[in-house]
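Quick note: the coordinates plus some simple rules give every number you see, no bench work behind them. Since this is a predicted model, take the numbers as computed values, not measurements. Here Cβ is always computed from backbone atoms with ideal geometry, including for glycine, and neighbour counts include all displayed protein chains.
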Amino acid sequence: MKFKTLLLSNALALALFAAPAYADLPKALQNELAAEVKIYENLYQAHHGQKIFDYVEKNILKNIAQDDPMLYRLIESMTIAMVENSQKLVIKMDVQNAKSDVSKDGIAYALIPYQMTVDEMNFDGNMLAIKSNGKWTFSRFDTNNTKMLQAIKQIYPSLKLKDK
C-alpha cells in the first residue's frame, strides 16, 4: 500500500509540473543537467554536507524562512549534519524520466524523480532542479508544501508550475 501511495504522490507531482519530457530539452542542457546530477549524487555518497547545501536554491529557502530567520540556519545545519553524520547515504536521480523545460525568460528547470537511502530509511520523491545565474540548484519538491510552491512561483513566476 505504501508503494502505491508513493507512486500516486509522484504521479501527482509530475502532473502539477506542466512541462515536456527531459528529451525535449536542448541537448546541451540535457548533458549539463545529467553531469550536475552525477556530481550531486557523488557528493551525497561522499558525505560532503556543505557542498550539498551549496546546491540548495537559497532564494527559495530564504523566501520560505522569511518569517523565521532561524529556520534558514536550522535547515542548513540539519542538512549538513544529516549528510555528514549518516553511515549510509545514497541518492539516485532518474534524469531520463524528468519533466523539464526552459521558461520564457530562459530559466531551465526540471522535476526529477529520486530515491534516497539515509542509513536504513528509504525515501523517494521529486527534486526540482533550476538553472539560474549559470548554476544548477536542487530542492526537494513536495506537492503538499504549498508554502514552497508559492515561494517558487514568487521567485520564478515564469516556471510552469500548477497549483493542486
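Build a GNM of the chain with springs between Cα atoms under 10 Å apart, and of Ser139, Ser100, Ser86 the one that fluctuates most is Ser86.
Calculated [222 nm] ellipticity per residue, helices only, for the chain: -14000 deg cm²/dmol; basis is -39500 (n - 2.57) per DSSP H run with n ≥ 4, divided by all residues, nearest 500. For Lys58, Lys135, the sequence from fewest to most other C-beta atoms within 10 Å is Lys135, Lys58. Straightening the chain between Asn122 and Asn145 buys 6.3 nm, computed as 0.36 nm per residue apart minus the Cα-Cα spacing. Cα gyration tensor of segment 35-158, axes a ≥ b ≥ c as square roots of the eigenvalues: rounded (a/c below 1.5), prolate (a/b > b/c) or oblate? Because a/c hits 1.5 or more and a/b fails to exceed b/c, segment 35-158 counts as oblate. Look at the alpha carbon pairs under 8 Å that are at least 6 residues apart: their mean separation over the length of segment 2-155 gives a relative contact order of 26 percent. Dipole size of the chain about its Cα centre, with +1 on Lys/Arg Cβ and -1 on Asp/Glu Cβ: approximately 340 debye, rounded to the nearest 20.
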